[in-house]
1. Which residue is modelled with the lowest pLDDT, if the candidates are limited to the range 90-132 and must be in contact with a strand residue (DSSP E or B) (Cβ under 9 Å, 6 or more places away or on another chain) and charged (D, E, K, R)?
2. Quick one: in the range 228-245, of everything that is under 27 Å from the mean Cα position of the chain (by Cα) and not aliphatic (A, V, I, L, M), which residue is surrounded by the fewest Cβ atoms within 10 Å (Cβ to Cβ)?
3. Would you say residue 92 is of a type outside the set (D, E, K, R), touching a Gly at 6+ places or on another chain (Cβ under 8 Å) and closer than 22 Å to residue 129 by Cα?
4. Looking for something in the same structural domain as residue 224 (by TED's automatic domain parsing), over 21 Å from residue 165 (Cα atoms) and touching a Pro at 6+ places or on another chain (Cβ under 7 Å) - is there at least one such residue anywhere in the range 95-103?
5. Report yes if residue 129 is in a strand (DSSP E or B), buried (at least 16 other Cβ atoms within 10 Å of the Cβ) and in contact (Cβ under 8 Å) with a residue 24 or more places away in the chain, otherwise no.
6. Yes or no: the range 72-91 includes at least one residue that is within 30 Å of residue 228 (Cβ to Cβ) and either touching a residue at least 40 places away in the same chain (Cβ under 8 Å) or not in a strand (DSSP E or B) (or both).
7. So if I check each of 216, 146, 156, 206, which one is of a type in the set (A, V, I, L, M), farther than 23 Å from residue 123 by Cβ and in a strand (DSSP E or B)?
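The values are calculated or read from the model by the stated rules, or taken from the named source; none is laboratory data. The shown structure was predicted, so the numbers you read here are calculated from the model rather than taken from an experiment. Here the Cβ positions follow ideal geometry from the backbone for every residue, glycine too, while neighbour counts run over all protein chains shown.
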Amino acid sequence: MTGRLIAGGVCAYALFMLANAPASLVPAALDKALPGRVALSGVKGSVWHGQAASLALDGQPLWQQLDWQLSPWALLLGRAKLQLKVAGGQQLVASIGFGDVALSDTRISVPLSALSGAVPAIRTYQLGGLLSLSTPSFNASANEQAGNAVIEWHQASSGMVAVPVLGDYRLDAKAGPRGLLGKVATLGPAALQVTGDGDWTASRGASIRLQLRPDAVQADKLRALLSAAGQPSADGTYYLNTSLK
């Protein structure tokens, strides 16, 4: 009987400590989870419901005025259920399990340069600009996808060329029984017009088909960036067709 009381007391104490884990533990956890050096300032609250003044990744400012809620009960069931709000009315609502991700009512933006540690192509082509994701509902796993999402790339740039801004672009992604389908469009006038489509399945990976048409005045300046797509056609359009597993 005494042993059971002691065990119950230890468990109760452990749960109490876990429930009151300070938010100051979050930066170390993010350092391990994210591919880069994390700087989280002005942290207060708990691991489960906390706030921070700012978040930077590898010295690149990411978000301001963060407020997060993480469900401890979902973790007990093997899922990470997170609601994150940041300055500007942005939020990320995510439920992550073993091999699947579900997003809902999400509107979030991130400077592209902050992702260079995770995406080698961003470093290779020295890409910049602001990347935004919005979706009312999107679920993805190895076997099934559902919902739709919009990804926009504003003030797109590349340090490889002497053109300050390439343009603004939009990807409309829609999930179906056979995987993901996407369409790419350019938003308004641009130094580089981009259109195309693509698809992705768990078995075949991604297939991308893009048409890249530089503005006639900027074509020479953009050649170093567009050379990856080969030689242009007679009308100056570059065609990029590639597959990614």
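1. Restricting to residues being in contact with a strand residue (DSSP E or B) (Cβ under 9 Å, 6 or more places away or on another chain) and charged (D, E, K, R), the top hit is 100.
2. 245
3. no
4. no
5. yes
6. Within the range 72-91, the first condition is being within 30 Å of residue 228 (Cβ to Cβ), and the residues that meet it are none.
No.
7. Just one listed residue meets the conditions, 146.
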